[in-house]
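These notes are about the structure you will find just below.
We did not get these values from a lab; they are worked out from the coordinates using the rules stated. Just so we're clear, the structure is a prediction, and the values are computed from it rather than from any experiment. Glycine gets a Cβ as well: all are built from the backbone with ideal geometry, and neighbour counts include every protein chain shown.
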Amino acid sequence: MVALAEHRAPASAPPPLVPFDLASMVERLGRAWPGALVEPSAREAVVAFARGLPPVFHWVVLESRLTSDAPQRVDLLACIIDHHDARSDLARGLASHGTHPGLAHAALLPRWARAEGDLARVPVIWLEWDAPFSRAEPLQLIGIDPRFWNPAAERMARPSPRTQTDLAAAGYAASFGVAHDPALLARIEGAIAVLPKSGSAIFSASLRPRGKAVDRLFVELPREAVLPWLAAIGWPGERAAAKRWLCDAIAPWEPAYIQVELSAGGPTAHLGIEPRQTSGARSERRERRAFLERLVRDGRVRADKVEALLAWQGVGQIEAGPANGPLAEVRTFHLKQVSQDGEPPEVKAYLGVHYRAMSRS
């Protein structure tokens with residue numbers, strides 16, 4: 001799941017993102033993908049898998065593991081945002097590309113394209129395919145806040161916990177063809193209900209494709225509200241360790257993006273901590289560099305990986321042909337610390353790309 005800094009777009013939001021062919025984009029960038037994070041063989045595996053996917057995705061992310069020197073495993077994430085003709089474009093794309101193995105078991109997509117029932121209010125979906133791309137069923141991540149990436153967000157009421165749980169239930173049923181476990185849905189609703197007014201629940205995702213009867217709930221909170229919320233939901237992990245990791249990765253003025261896993265019996269010890277998407281602001285880059293350099297000093301991350309990641313962010317321009325004109329190619333990244341059992345967390349890097357229309361003037 002991805003912490004997008006623009007997730008509550010104001011009325012003056014920038015132009016909508018432009019959909020693109022995922023395999024062509026990854027292949028065109030070629031060696032621009034930093035080899036310290038995305039080895040050529042990993043990049044080629046992504047291209048081979050993605051070839052033939054419909055050109056409907058608005059954002060792509062390649063996931064690399066910073067704190068591991070094992071042979072690289074680079075996972076693929078892509079999203080579709082419900083703006084302009086995204087749903088009808090998806091329906092047309094599925095009609096011509098629906099046999100792609102990466103979509104054959106993504107049952108959510110055609111139902112979301114038809115805006116069936118509660119799915120009409122789901123603003124964005126992410127698909128996550130894990131390398132080596134042998135598992136047929138991707139994770140299907142459900143946007144459960146209708147304000148997400150919505151130009152009218154500031155005029156929309158905060159959704160109720162029940163409304164958001166209904167969206168999670170609708171996404172699950174569309175993904176797997178069966179109703180969700182009522183006990184697990186009650187856990188989701190309860191966790192959302194104890195969020196402070198300054199927090200929000202953004203995504204839910206069932207880990208059923210990974211053989212786990214748990215859902216991940218992805219929330220945004222002020223940093224100082226995270227530990228009280230974890231206590232309120234009965235998170236069983238080590239709070240002192242969570243506080244250290246939180247203060248290490250999140251600046252006091254930044255929101256924290258938190259992932260927890262909920263089972264019917266309660267939360268697991270899983271904890272994901274993310275700062276927001278790094279889009280180029282000087283203060284963000286300063287905080288990310290400081291965090292990453294601490295990891296280098298601790299011997300947990302190689303310095304070349306850090307420099308490669310920090311060099312990724314930026315904005316370029318490409319020509320998209322007479323129909324679309326020039327596009328801004330926007331590269332961003334974000335980080336995630338993931339821990340299960342109180343040990344130093346694994347740190348992952350997510351290299352993102354999206355496109356926006358540019359004026360010819």
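Here the range 22-357 is assigned +1 on the Cβ of each Lys and Arg and -1 on the Cβ of each Asp and Glu. Its dipole about the Cα centre then comes out at about 380 debye.
Computed 3J(HN,Hα) for the range 216-221, one whole-Hz value per residue from the Karplus formula 6.51 cos²θ - 1.76 cosθ + 1.60 where θ = phi - 60°, is 8, 10, 10, 10, 10, 8, glycine and proline marked x.
The H on the amide N of Arg158, modeled in the peptide plane, is under 5 Å from the matching H of no residue at least 5 residues off or on a different chain.
Each residue of the range 134-151 is assigned a 3J(HN,Hα), and the resulting list reads 8, 7, 5, 9, x, 5, 10, 9, 10, x, 10, 10, x, 7, 4, 6, 10, x Hz, derived from the Karplus form 6.51 cos²θ - 1.76 cosθ + 1.60 (θ = phi - 60°), x at Gly and Pro. Taking amide hydrogens as placed 1.01 Å from N in the peptide plane, the amide H of Glu346 sits under 5 Å from those of Val338, each at least 5 positions away in sequence or on another chain.
Based on the reciprocal of the average 1/r between different C-alpha atoms, the Kirkwood radius for the range 146-213 equals 13.1 Å.
Put a dot 7 Å past the Cα of Glu238, heading toward its Cβ, do the same for Glu343, and the two dots end up 1.2 nm apart. The packing ranking of peptides 214-220, 350-356, highest mean first, is 214-220, 350-356, where packing means the average number of other beta carbon atoms within 10 angstrom of each residue.
Each peptide in 68-75, 140-147 gets a packing score, the mean of other Cβ atoms within 10 Å over its residues, and the list from highest to lowest is 140-147, 68-75.
Straightening the chain between Arg135 and Leu227 buys 29.6 nm, computed as 0.36 nm per residue apart minus the Cα-Cα spacing.
Using the alpha carbons alone, the radius of gyration of the range 54-141 stands to its Kirkwood radius in an Rg to Rh ratio of 1.02.
Only DSSP H runs of four or more residues enter the estimate; each adds -39500 (n - 2.57), and after division by the residues of the chain the mean residue ellipticity at 222 nm equals -9000 deg cm²/dmol.
Annotation: peptides 178-187, 44-53, 17-26, ranked by per-residue average of other Cβ atoms within 10 Å with the highest first, follow the order 17-26, 44-53, 178-187.
Over the chain, what lengths in whole Å, largest first, do the semi-axes of the equivalent ellipsoid take, defined as the square roots of 5 times the eigenvalues of the alpha-carbon gyration tensor? Display every interim value, and only then the final one.
On the way: eigenvalues 156, 137, 84 Å².
With the √(5λ) rule applied to the chain, the semi-axes are 28, 26, 20 Å.
Normalised by 2.2 N^0.38 Å, with N the number of residues, the alpha-carbon radius of gyration of the range 123-261 equals 1.08.
Working note: Karplus 6.51/-1.76/1.60 with θ = phi - 60° gives the range 291-307 the couplings 4, 5, 5, 5, 5, 5, 4, 7, x, 9, 9, 6, 4, 5, 5, 4, 5 Hz, where Gly and Pro are set to x. Taking amide hydrogens as placed 1.01 Å from N in the peptide plane, the amide H of His58 sits under 5 Å from those of Cys79, Ile80, Ile81, each at least 5 positions away in sequence or on another chain.
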